[in-house]
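Asks: I am attaching a structure below and will ask some questions about it afterwards.
The values are calculated or read from the model by the stated rules, or taken from the named source; none is laboratory data. The structure displayed is predicted, hence computed values, not measured ones. Cβ coordinates were reconstructed from backbone atoms using ideal geometry, including for glycine residues, and neighbour counts include every protein chain displayed. The area values use the complete protein model at the heavy-atom level, side chains included, leaving out ligands, DNA and RNA. Shrake-Rupley method; radii C 1.70, N 1.55, O 1.52, S 1.80 Å.
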Amino acid sequence: MSPDTQATSQRLAQQIEASGPISVADYMRVANTEYYGRADPLGADGDFITAPEISQMFGEMVGIWLSDIWLRRGSPSPCHYVELGPGRGTLAADALRTMKRFGFEPVVHFVENSPTLRERQVAAVPQAVFHDDVETVPTDAPLFVVANEFFDALPIAQSIATNAGWRERVVVPDHSARFAAMPGPRSTDSQVPGHFRMASVGSIYETCPDANAMMHKLSMRMSGQGGVMLTIDYGYLQPALGSTLQAVQNHKYADPFSEPGHCDLTAHVNFHELTLCAQRSGLNVAGPCNQGDWLSGLGIDQRAMSLAQANPDRAKEISAARSRLVARESMGALFKVMATYAKGWPAPEGFGL
Ligand code: SAH
């Protein structure tokens with residue numbers, strides 16, 4: 001264990017000893033803020049790889065999708081491109097380059113809280129305006145929002161069923177750099193949906209209040225200013241029980257309660273809740289559908305073919321990247337794509353609408 005790893009765990013353990021156990025949500029928030037703030041975790045030599053880092057085709061498909069809606073809406077100007085958690089800025093660079101070919105050049109806004117990744121993003125998209133939160137995104141024009149593997153990084157709150165009812169799940173130090181989760185004193189009976197209340201002892205119910213709040217804010221904005229939002233992530237479509245908290249380090253699964261701040265903590269995205277947040281604000285929802293179907297519907301096969309023709313020495317690599325994004329056994333079925341859009345806006349492509 002590096003001294004750096006020890007320092008983060010010790011600090012967290014001391015804080016808990018001084019002020020009491022922290023919620024799973026606070027544990028995840030502290031761990032991920034530290035994690036994303038410390039170093040760039042993306043890519044083959046990092047901890048995990050995302051779709052835009054696999055191939056430029058991913059961002060290009062997003063760019064085509066956004067341009068199509070913009071054109072069918074009558075090419076409004078100005079417009080704002082807003083990306084949540086843009087990583088290395090690769091998706092935005094690929095999408096914006098493609099959009100420019102259609103004459104679509106929106107103002108670019110990045111909502112990002114990691115200073116380290118902001119540096120990478122400026123290098124990829126120098127004109128980007130940064131925001132700590134969606135609150136400061138301008139209110140004057142339609143929004144074209146993109147969130148790829150963003151919501152899964154936001155802190156989840158967990159409740160656990162005990163003999164005495166549902167309790168908030170909290171985190172305490174265990175030994176070394178390890179922590180343990182256990183039922184805390186706070187009752188959460190009122191937060192668990194009625195049909196799950198009688199679940200067996202040990203069952204876990206999870207929510208992501210930050211994701212829902214952000215979806216709600218953006219949906220309210222889009223219903224007033226107009227716009228569309230594309231959300232791509234892995235997740236579930238119906239309410240469910242069980243912990244989906246997971247950790248990844250060096251491209252392998254790790255223990256989420258070990259070495260906080262040194263592995264990527266994520267949880268499956270609850271698309272059911274996100275859909276409700278958008279609908280409650282008066283937006284239309286398309287999907288979720290499988291990423292593979294969405295990319296195929298938008299023409300990724302044709303794009304892969306023309307890229308391979310233009311770069312024959314890279315044909316194998318391009319074909320492998322295409323399958324990784326589309327194949328069911330790879331990212332194609334695990335990742336879901338959902339569009340939320342203002343009333344009166346064109347129905348988006350790729351969802352069979
Ligand atoms: N979308 C990128 C990166 C995904 S990793 C890609 O597909 O490659 C998650 C991203 O969300 C990182 O850029 C991380 O710094 C950012 N992030 C995580 N929590 C955040 C928060 N609460 N506010 C703003 N950005 C956050």
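Asks: Run the helix sum for the chain: -39,500 (n - 2.57) per DSSP H stretch of 4+ residues, divided by residue count, reported at 222 nm to the nearest 500 deg cm²/dmol.
Replies: -11500 deg cm²/dmol, from helical runs alone.
Asks: Would you work out the relative contact order for the chain, in percent, from Cα pairs under 8 angstrom that are 6 or more residues apart? Don't jump to the answer; show the numbers that get you there.
Replies: Numbers: 690 pairs, mean separation 71.5, N = 353.
That works out to 20 percent.
Asks: How fast does region 1-134 diffuse by Stokes-Einstein, in µm²/s, taking the Kirkwood radius from C-alpha pairs at 37 °C and 0.692 mPa s?
Replies: Numbers: Rh = 17.0 Å.
Translational diffusion coefficient: 194 µm²/s.
Asks: Tell me the net charge near Phe351. Cut-off is 12 Å between Cβ atoms, Phe351 excluded, with +1 for each Lys or Arg and -1 for each Asp or Glu.
Replies: On the way: positive: Lys336; negative: Asp293, Glu349.
Charge balance near Phe351 sits at -1.
Asks: Normalized C-alpha radius of gyration of region 230-353, against 2.2 N^0.38 Å?
Replies: Details: Rg = 17.7 Å, N = 124, 2.2 N^0.38 = 13.7 Å.
For region 230-353, the normalised Cα radius of gyration comes out at 1.29.
Asks: Which three lengths, in whole Å and largest first, does region 162-311 cover when its Cα atoms are put on their principal axes?
Replies: Projected onto the principal axes, the Cα atoms of region 162-311 cover 61, 41, 27 Å.
Asks: Using a 1.4 angstrom probe, figure out how much accessible area the chain has per residue, in square angstrom, rounded to the nearest whole.
Replies: For the chain, the solvent-accessible area averages 43 Å² per residue.
Asks: A further question on this structure: What aspartates and glutamates could a cross-link reach from Lys252, if we take a straight Cα to Cα line under 19 Å and drop same-chain neighbours fewer than 8 places away?
Replies: Those aspartates and glutamates meeting the cut-off are Asp40, Asp45, Asp47, Glu53, Glu149, Asp152, Asp233, Asp264, Glu329.
Asks: Cα to Cα, under 23 Å, and not fewer than 8 places away if on the same chain: which lysines meet these conditions relative to Lys217?
Replies: Within the straight-line limit of under 23 Å, Lys217 reaches these lysines: Lys336, Lys343.
Asks: Follow-up. Which value, in nm² and rounded to one decimal, describes the direction-averaged projected area of the C-alpha convex hull of region 112-248?
Replies: That works out to 11.5 nm².
Asks: In debye to the nearest 20, how big a dipole does the chain give about its Cα centre with +1 on each Lys and Arg Cβ and -1 on each Asp and Glu Cβ?
Replies: Working: 28 positive and 37 negative charges, 152 e Å.
Charge dipole, the chain, about its Cα centre: 720 debye, nearest 20.
Asks: A further question follows. Which sequence of Ser200, Ser159, Ser306 reflects their accessible areas, 1.4 Å probe, from the largest down?
Replies: Correct descending sequence by accessible area is Ser200, Ser306, Ser159.
Asks: Highest mean first, how do 227-234, 311-318, 110-117 rank when packing is the count of other Cβ atoms within 10 Å averaged over residues?
Replies: Answer by packing, highest mean first, reads 227-234, 110-117, 311-318.
Asks: Something else now. Output the Kirkwood hydrodynamic radius of the chain, Cα pairs only, in Å rounded to one decimal.
Replies: Mean inverse Cα-Cα distance, inverted, gives 21.3 Å.
Asks: Can you give me the solvent accessible area of Leu12 with a 1.4 Å probe, rounded to the nearest 10 Å²?
Replies: About 10 Å², rounded to the nearest 10.
Asks: Calculate what fraction, in whole %, of the accessible area of region 95-193 sits on carbon and sulfur atoms when a 1.4 Å probe is rolled over the protein chains.
Replies: The C+S portion of the solvent-accessible surface of region 95-193 is 52 percent.
Asks: By accessible area of protein heavy atoms, probe 1.4 Å, what ranking do His175, His195, His131 get, highest first?
Replies: His195, His175, His131
Asks: Quote the accessible area belonging to Arg324 in square angstrom, nearest 10, computed with a 1.4 Å probe and with ligands, DNA and RNA left uncounted.
Replies: The accessible area comes out at roughly 110 Å².
Asks: Can you give the accessible area of Lys336 in Å² (nearest 10), computed on protein heavy atoms with a 1.4 Å probe?
Replies: Approximately 30 Å² of Lys336 is accessible to the 1.4 Å probe.
Asks: Here's a follow-up. Just the C-alpha atoms of region 263-328: what Rg/Rh do they give, with Rh taken as the Kirkwood radius?
Replies: Values: Rg = 17.0 Å, Rh = 14.6 Å.
Answer for region 263-328: 1.17.
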